[in-house]
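Sharing a structure here in structure tokens format.
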Amino acid sequence: MNRLARYILIATVAIAAVAAGYLVRHSHNSSSATAAKQLLALTLPDSNGNTQSLGQWQGKLMVINFWATWCPPCREEMPGFSRLQRKFSGSGVQFLGIGIDSATKIREFSIQTPVSYPLLVGTPGLMEIVSQLGNNAGGLPYTVILGKDGAVQNTRLGAWQESDLEFTLDGMVR
């Protein structure tokens, strides 16, 4: 293969790689945006059995944590979330916990371990939205931060360290 043909081949491969990367990123961003809209359109029962529309908090920076009562890392990060909810509530930040568990277990948990933010009960089909938000593994805890415009700003599979989340939120509310 001559030198010119080799350069053309390398340039073609490079252009194809850039195009593929763009398409994958654009597809993921589009999927995340659609999933965020679906999430904000949900109405879920809270730990007291009252229905709550997630859209009522739109316009705030939302920290949405998917958790379960049987998940030790989920339970361990919740006191820090409560402290951060109190700290940032005046800055337009709203924490929400969406339990992937039974309403009874979430209600019992909320009585034994009160938190300063609403605990909602996940419904069938919710994990499909969570998967579209980037949690393909289906693991817990999983946290999604939505900007005031409803766009996905940050996601994390696994527990947040309180100081790391505080630093992240500080940067977002300025």
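How large, in Å, is the stretch 38-174 by the Kirkwood hydrodynamic radius built from its alpha-carbon pairs?
Numbers: mean 1/r = 0.0678 Å⁻¹.
Answer for the stretch 38-174: a Kirkwood hydrodynamic radius of 14.8 Å.
Please list, or write none, the lysines whose alpha carbon is within less than 22 Å of the alpha carbon of LYS60, excluding same-chain residues fewer than 8 places away.
Excluding near neighbours in sequence, the set is LYS37, LYS87, LYS148.
How many nm is it between the label spots at ARG86 and ASN50, if each spot is 7 Å from the Cα in line with the beta carbon?
For ARG86 paired with ASN50, the spin-label model returns 2.2 nm.
Students often check this: by mean Cβ neighbours within 10 Å, which of 110-121, 135-146 ranks highest, and how do the rest follow? Can you show the working numbers first?
Details: 110-121: 17.0, 135-146: 19.1.
Final packing ranking: 135-146, 110-121.
Roughly how many nanometres apart are two label points built 7 Å out from the Cα toward the Cβ at ALA41 and LYS148?
In this crude label model, ALA41 to LYS148 measures out at 2.5 nm.
Sticking with this structure for a sec: Could you check the simple spin-label distance between GLN161 and SER31, using points 7 Å along Cα→Cβ, in nm with one decimal?
Label at GLN161, label at SER31, 3.0 nm between them.
Right, here's the next one. Specify which residue in the list LEU157, PHE95, GLN132 is farthest towards the positive end of the charge dipole of the stretch 39-173, using unit charges on the beta carbon of Lys, Arg (+1) and Asp, Glu (-1), about the Cα centre.
Selected residue: PHE95.
Where a number appears in this text, it was derived from the coordinates with a stated rule and is not lab data. In this text, all values refer to a predicted model and were calculated from it rather than measured experimentally. Every residue, glycine among them, receives a Cβ derived from its backbone with ideal geometry; neighbour counts consider all protein chains shown.
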